[in-house]
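Quick notes on the structure that follows.
The values are calculated or read from the model by the stated rules, or taken from the named source; none is laboratory data. The model shown is predicted, which means the values in this text are computed figures rather than measured ones. Neighbour counts are summed over all protein chains in view; Cβ atoms, including those assigned to glycine, are modelled from backbone coordinates with ideal geometry.
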């Protein structure tokens with residue numbers, strides 16, 4: 001496609017502003033490690049919330065959604081919509097607890113909650129496992145999306161795209177630290193939203209589509225519109241709806257949707273001014289992420305079924321794209337080639353923003369693990385702040401290089417999504433219970449981490465080659481079920497057959513974080529002088545369910561209004577408003593320390 005001077009000017013302006021933010025925040029970010037990684041713990045909810053949304057706006061997300069919609073229809077999105085339950089649990093139960101912990105990273109939590117060499121090992125190992133290897137896989141999926149965008153829209157080779165996408169991101173991320181990332185995210189969020197909505201609006205006016213009504217009635221699209229899967233086909237209902245809602249949301253670990261909060265979501269909560277701002281940020285994130293953003297992506301995905309019904313149609317239209325990079329997820333980028341001058345510049349800037357926002361967050365988050373939880377804790381405990389910031393900046397560059405190399409080997413965003421889910425299968429319940437059940441110890445997490453990884457290797461690599469367990473093509477969800485069941489059984493047994501943490505470690509954690517006491521009573525009853533926190537857990541769980549219903553209702557209402565189903569849209573809108581009213585009323589009754 002032809003990119004005009006106006007389009008290039010828009011893209012260049014975006015790069016300049018992003019770089020400028022990094023330069024302007026570099027001096028303060030370099031003053032200390034805590035400033036570099038947590039922005040001085042003084043960030044407001046709105047900035048943190050928008051940053052969370054911008055980070056998860058990653059360019060691979062519309063590609064993933066397009067892949068899902070083209071294969072399984074709109075209802076296929078339940079594989080990630082189900083994580084809303086995790087998000088709302090984090091909002092109303094865990095955001096306060098994370099902020100009270102006052103750790104620098106969520107891995108530092110291990111030596112607050114557990115004790116001795118097992119806790120130290122867990123912290124060091126996960127610093128490298130998550131901060132480097134796992135994080136590189138995530139960034140590689142984002143880089144893969146950039147490769148597909150660059151190849152389709154700009155005619156760039158994979159290597160050229162990675163060089164352009166990574167250099168600016170590395171510069172402002174390494175200079176500005178978390179504050180630079182947050183401010184750039186805020187700027188990038190509005191560009192990304194404008195680009196997504198503008199692209200969806202224009203695509204509906206293409207001659208091949210004509211209007212929204214024509215799109216919805218087209219035979220390629222009409223059977224893909226249901227928000228819920230067809231209950232007459234349980235081979236669809238089980239993997240698309242029942243598994244995500246019944247098991248996946250609490251049992252698996254996935255970046256940005258960790259049960260109990262974690263990763264860069266925890267980093268944002270830890271950098272908040274106080275507990276109220278930590279809760280407000282995660283609430284805004286979950287509303288925007290699940291209720292506001294999906295439909296522009298879905299509209300473009302549905303439209304692609306008319307213009308590019310088969311992957312072969314995209315191969316014919318874009319013969320220069322490497323065969324291993326062809327897939328249904330390429331359709332999102334392919335649809336953007338129809339956009340006019342000016343709008344394509346905004347959309348390209350928005351996609352670049354999505355890529356850079358996610359990469360910058362993961363670079364800062366991953367380097368925080370390397371610096372705080374490995375280098376400072378185990379290599380150079382006496383390191384100065386200046387040295388720690390330098391190591392953080394070096395690790396930022398190295399993480400980006402590793403991610404770029406891996407991106408060249410990947411072919412599908414959905415493929416990576418499924419692998420990450422399988423690796424985290426069975427570990428999620430630990431992250432939920434460890435705050436409230438004193439009996440969980442470091443060996444619990446070590447066992448779960450090892451078993452879930454081995455099970456993932458078995459199902460993703462060994463079993464396909466050797467056929468040890470026969471899993472029908474339409475029952476691939478059984479892999480996740482086996483993984484969750486086996487991993488959970490092992491870590492529960494390990495918990496019960498190993499010694500609990502020492503009382504002084506558990507009491508120190510309990511006094512600092514102040515979780516509800518019901519799961520700590522066996523310990524606390526030995527110490528009558530300890531105050532037993534009553535907490536507000538029943539109300540918090542109620543708000544979690546209310547918030548989930550509110551956001552799902554808002555999500556459905558937008559879809560029903562688009563579909564022209566006025567009655568269903570009106571009912572869903574009322575439900576969303578009532579849910580919002582309940583949360584506003586109850587918010588005033590939440591106790592903050």
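Points to keep in mind about this one:
- Of the residues making up the stretch 472-489, those that are touching a residue at least 60 places away in the same chain (Cβ under 8 Å) and buried (at least 16 other Cβ atoms within 10 Å of the Cβ) are 477, 480, 481, 483, 484, 486, 487, 488.
- Test: residue in the stretch 86-106 that is at pLDDT 90 or above, more than 26 Å from residue 274 (Cβ to Cβ), more than 15 Å from the chain's Cα centre (by Cα) and surrounded by fewer than 24 Cβ atoms within 10 Å (Cβ to Cβ): no
- Subset tally (residues that are over 11 Å from residue 239 (Cα atoms) and part of a helix (DSSP H, G or I)) for the stretch 464-478: 4
- Listed by position, the helices (runs of 4 or more DSSP H) inside the stretch 32-77 whose residues that are under 16 Å from residue 264 (Cα atoms), over 20 Å from the mean Cα position of the chain (by Cα) and at pLDDT below 85 number at least 2 are 33-38.
- Any hit, the stretch 373-392, residues being under 30 Å from residue 8 (Cβ atoms) and either at pLDDT 80 or above or buried (at least 19 other Cβ atoms within 10 Å of the Cβ) (or both): no
- Conditions (1) under 16 Å from residue 190 (Cα atoms); (2) at pLDDT below 85; (3) surrounded by fewer than 24 Cβ atoms within 10 Å (Cβ to Cβ); number of the one not met by residue 347: (3)
- 2 or more residues modelled with pLDDT of 95 or more: qualifying helices (runs of 4 or more DSSP H) within the stretch 521-593: 537-563, 566-587
- For the stretch 408-433, filtered to residues that are at pLDDT 80 or above and closer than 30 Å to residue 359 by Cβ, the residue that is surrounded by the fewest Cβ atoms within 10 Å (Cβ to Cβ) is 432.
- Here the stretch 219-229 is the region considered, the condition is being in contact (Cβ under 8 Å) with a residue 12 or more places away in the chain and either part of a loop (DSSP other than H, G, I, E, B) or within 28 Å of the chain's Cα centre (by Cα) (or both), and the residue that is surrounded by the fewest Cβ atoms within 10 Å (Cβ to Cβ) is 228.
- Of everything in the stretch 231-272 that is part of a loop (DSSP other than H, G, I, E, B) and without any contact (Cβ under 8 Å) to a residue 60 or more places away in the chain, the residue that is surrounded by the fewest Cβ atoms within 10 Å (Cβ to Cβ) is 232.
- Residue in the stretch 308-325 that is farthest from residue 75 (Cα to Cα), counting only those that are in contact (Cβ under 8 Å) with a residue 24 or more places away in the chain and surrounded by fewer than 19 Cβ atoms within 10 Å (Cβ to Cβ): 320
- Of all residues in the stretch 190-202, those being over 21 Å from the mean Cα position of the chain (by Cα) and buried (at least 23 other Cβ atoms within 10 Å of the Cβ) number 1.
- In the stretch 440-462, of all residues being farther than 18 Å from residue 125 by Cβ and surrounded by fewer than 19 Cβ atoms within 10 Å (Cβ to Cβ), the one that is modelled with the highest pLDDT corresponds to 462.
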